[in-house]
Amino acid sequence: MWAVAAVAMSMLVACGPDGDGGRAGTGDPLLVRTSSGEVRGHADGEARRFAGIPYAAAPTGERRWAAPQPAAPWPGVRDAVRPGPPCPQGDGTGKPLAGTSEDCLNLEVTAPRSEGAKPVMVWLHGGGNDTGHGSEYDPARMAAIGDVIVVTVDYRLGALGFLGYPGLPGSGSFGLLDQQAALRWVRDNAAAFGGDPDNVTVFGQSAGAVDACAQLTSPGARGLFHKVILQSGSCHTLIPSAGAGGRILTSADTFWAPLDARERQGESLAAELHCADLACLRRIPPEDLVRATSRAGIAVGTPTLPVAPDRADAAPVPVLSGTTRDESRLTTMYAEFTTGPLTRERYEQVLTQAFGTAADEVRSRYPLRDYDDQPRLAFSAIDTDRVFACPQLATGRRLAAGSAVYAYEFADRTAPTMSPFLTDMPAGAAHGSELAYLFGARSGGPWGPGFAPQPLSAEQRDLSDAMIRAWTGFARTGRPAETWPAFTPDRPRAHTFALGAADSTDVATAHHCDLWDGLARR
């Protein structure tokens, strides 16, 4: 019923009863008619902004841990100048983040002022599917330089987004279902903002890219987008190393978990909160769920993901995929900060603990002399390669069997960081460092509370422009630039984004992927 109504409404929105493309018959570019009602945005420099637009009903009460339902229509004109609240999440210190709400299924549309149907880019934020907020990212420069519409999305996180529980429809995948609801909203409403609903690109970073890879294989997402960009996350990405209990712990797990395992974790959460059923869990305050646990793994063997995305057939759409040169310097920094310096003795212990009889083989590929005799730099290189770079390459190879794939590596080691580095470890081109080149910074954005990256230099600004042109060019045509060759499994070269002349990187060689592929097969 909802789908039929949405299609009918999308026809009205696209044409508008006055032939105005949804601008409510006034010709006012800041007044737009959506499928749920009219919204009034505001002008900001070269962009039009429409914030805090509900794409689904609040997932509260009986709708907590249920598939998203349509947003209720509103009377009159809705003020769309302020972002909606973040979904419930922690603040990084073990406490719930202030100012969140379960009524968080909102999105923000940033559109250029120029006329004509434009490609639409839908952003899925990172944060481990535990934290993050779409409106932390300012896409105004991307919209203006690339002449595209950018939609940033909030979706349920942590236990609220990915709880598994026996007999619960949608178990372990509510966050993914939210993203699909947002994509349906884009399909039905893009034309009202000047967008082309037949040219939609999903792009995400970190867990947002993992989710985007999931959507490539989810039956419910088929036909809702036409291209995908995977930044520092893929169908094969592993869980990064972390510090816990005074130790640095490594994992060989992906983001995918069997449904029965997720359901057992859900039962464990219920017991932790002294609940015997879902009705009880639905009465628990959201801040208590955040405080109790995140447990944001994604269930497979479900209608949303029948097969794990690293093994499933993917939609045959063009893909742009890549990582940063020094991904794991960020996670290694956090591990050191929480467990103490990674001395040579601790480094040897971590290698033995993580790789067992293969530790000598790993050690020989990453000799400390190549890393200024700093164990933390050697370990971060190991984790960069095994967690991010080589899994990203594996996904690219798999997708290239049925799609055009283009690869990149971000390698500006002078880039501003996405998070304050809490030790004196050199940041390099750490995880998330490319974000400052694609998005403007907002106070309290993905760079941490009260922290924003340093302004880009003139040379970095030029690199930023080049990256934005590549991302938006890909969104427009399915190719980042005419000069970029397609990625091929037997020649896995990546376009390098760094200061100076353009270059390319042999990803497999630079990141020792023969080693990690061999260890994975043992």
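The values are calculated or read from the model by the stated rules, or taken from the named source; none is laboratory data. Source: prediction; values computed, not measured. Positions of Cβ are backbone-derived with ideal geometry, glycine not excepted, and every protein chain shown enters the neighbour counts.
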Response to the item:
From the option list Tyr371, Tyr366, Tyr334, single residue qualifying as aromatic (Phe, Trp, Tyr) and touching a strand residue (DSSP E or B) at 6+ places or on another chain (Cβ under 7 Å) is Tyr334
Worksheet item: Can you name every residue in the range 477-492 that is modelled with pLDDT under 90 and crowded, with 18+ Cβ neighbours inside 10 Å?
Response: Pro492
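Is it the case that some residue within the range 295-309 is farther than 21 Å from Asp253 by Cβ and surrounded by 15 or more Cβ atoms within 10 Å (Cβ to Cβ)?
Narrowing the range 295-309 to residues farther than 21 Å from Asp253 by Cβ: 303.
With surrounded by 15 or more Cβ atoms within 10 Å (Cβ to Cβ) added as a condition, the list becomes none.
Looking through the range 295-309, none of the residues is farther than 21 Å from Asp253 by Cβ and surrounded by 15 or more Cβ atoms within 10 Å (Cβ to Cβ).
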Worksheet item: Which of the residues belonging to the range 32-79 are in a loop (DSSP other than H, G, I, E, B), closer than 21 Å to Ser101 by Cα and in contact with a Leu (Cβ under 9 Å, 6 or more places away or on another chain)?
Response: Tyr55, Ala56, Ala57, Ala58, Pro59, Arg64, Trp65, Ala66, Ala67, Pro68, Ala71
Discussion item. Filter the range 239-267 down to the residues that are surrounded by 20 or more Cβ atoms within 10 Å (Cβ to Cβ) and within 18 Å of Ala312 (Cβ to Cβ) and list them by number.
Written reply: Thr254, Phe255, Trp256, Ala257, Arg262
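Kindly provide the set of residues from the range 183-209 that are assigned to a helix (DSSP H, G or I) and either modelled with pLDDT under 95 or closer than 25 Å to Asp28 by Cβ (or both), ordered by number.
At the first step, the residues of the range 183-209 found to be assigned to a helix (DSSP H, G or I) are 183-193, 207-209.
Across the range 183-209, the qualifying residues are Trp185, Val186, Arg187, Asp188, Asn189, Ala190, Ala191, Ala192, Phe193.
In the range 453-470, is there at least one residue being polar (S, T, N, Q) and either in the same structural domain as Asp138 (by TED's automatic domain parsing) or over 18 Å from Ala429 (Cα atoms) (or both)?
Kept after step one, since they are polar (S, T, N, Q), are these residues of the range 453-470: 454, 457, 460, 464.
Next cut, either in the same structural domain as Asp138 (by TED's automatic domain parsing) or over 18 Å from Ala429 (Cα atoms) (or both) only: none.
No.
Being β-branched (Val, Ile, Thr) and either touching a residue at least 60 places away in the same chain (Cβ under 8 Å) or touching a strand residue (DSSP E or B) at 6+ places or on another chain (Cβ under 9 Å) (or both) is the filter here, so list the residues in the range 68-107 that pass it.
Looking only at the range 68-107, we keep the residues that are β-branched (Val, Ile, Thr), and these are 77, 81, 93, 100.
The answer is Val77, Val81, Thr100.
Going by the conditions given, is Asp28 acidic (Asp, Glu), at pLDDT 50 or above and under 28 Å from the mean Cα position of the chain (by Cα)? I'd like the intermediate steps shown before the answer.
Numbers: acidic (Asp, Glu): yes; at pLDDT 50 or above: yes; under 28 Å from the mean Cα position of the chain (by Cα): no.
Here the answer is no, as Asp28 does not meet what is asked.
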Worksheet, complete the sentence: Okay, helices (runs of 4 or more DSSP H) sitting entirely in the range 333-447 with 2 or more residues that are without any contact (Cβ under 8 Å) to a residue 40 or more places away in the chain, I get 344-355, 359-365, 375-383
Worksheet item: Yes or no: Arg311 in a helix (DSSP H, G or I) and at pLDDT 95 or above?
Response: no
Fill in: Condition broken by Gly340, with the remaining ones in (1) surrounded by fewer than 20 Cβ atoms within 10 Å (Cβ to Cβ); (2) in the same structural domain as Asn129 (by TED's automatic domain parsing) satisfied
(2)
Discussion item. Considering only residues that are touching a Cys at 6+ places or on another chain (Cβ under 7 Å) and under 15 Å from Tyr408 (Cβ atoms), which ones fall in the range 508-522?
Written reply: His511
Worksheet entry | Test: residue in the range 131-138 that is under 26 Å from Ala271 (Cα atoms), crowded, with 21+ Cβ neighbours inside 10 Å and at pLDDT below 95 | yes
Discussion item. Taking the conditions exactly as written (within 21 Å of the chain's Cα centre (by Cα) and either surrounded by fewer than 19 Cβ atoms within 10 Å (Cβ to Cβ) or at pLDDT below 95 (or both)), does Leu124 satisfy them or not?
Written reply: no
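Tell me which residues, restricted to the range 84-133, are assigned to a loop (DSSP other than H, G, I, E, B) and among the basic types (Lys, Arg). Let's see the steps before the verdict.
We begin by selecting, within the range 84-133, every residue assigned to a loop (DSSP other than H, G, I, E, B); these are 84-89, 91-95, 97-105, 113-117, 125-133.
Those that are assigned to a loop (DSSP other than H, G, I, E, B) and among the basic types (Lys, Arg): Lys95, Arg113.
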Discussion item. Take Thr338 and tell me if it is polar (S, T, N, Q) and modelled with pLDDT of 95 or more.
Written reply: no
Discussion item. I need the full set of residues from the range 497-522 which are assigned to a strand (DSSP E or B) and buried (at least 19 other Cβ atoms within 10 Å of the Cβ), in order please.
Written reply: Phe497, Thr505
Discussion item. When you check Arg461 against the structure, is it closer than 30 Å to Ile149 by Cα, assigned to a loop (DSSP other than H, G, I, E, B) and charged (D, E, K, R), yes or no?
Written reply: no
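Being in a loop (DSSP other than H, G, I, E, B), among the aromatic types (Phe, Trp, Tyr), in the same structural domain as Pro85 (by TED's automatic domain parsing) and crowded, with 24+ Cβ neighbours inside 10 Å is true for just one of Tyr155, Tyr165. Which residue is that? Don't jump to the end; show me each part of the working.
Working: Tyr165 fails: crowded, with 24+ Cβ neighbours inside 10 Å.
So the residue among Tyr155, Tyr165 that is in a loop (DSSP other than H, G, I, E, B), among the aromatic types (Phe, Trp, Tyr), in the same structural domain as Pro85 (by TED's automatic domain parsing) and crowded, with 24+ Cβ neighbours inside 10 Å is Tyr155.
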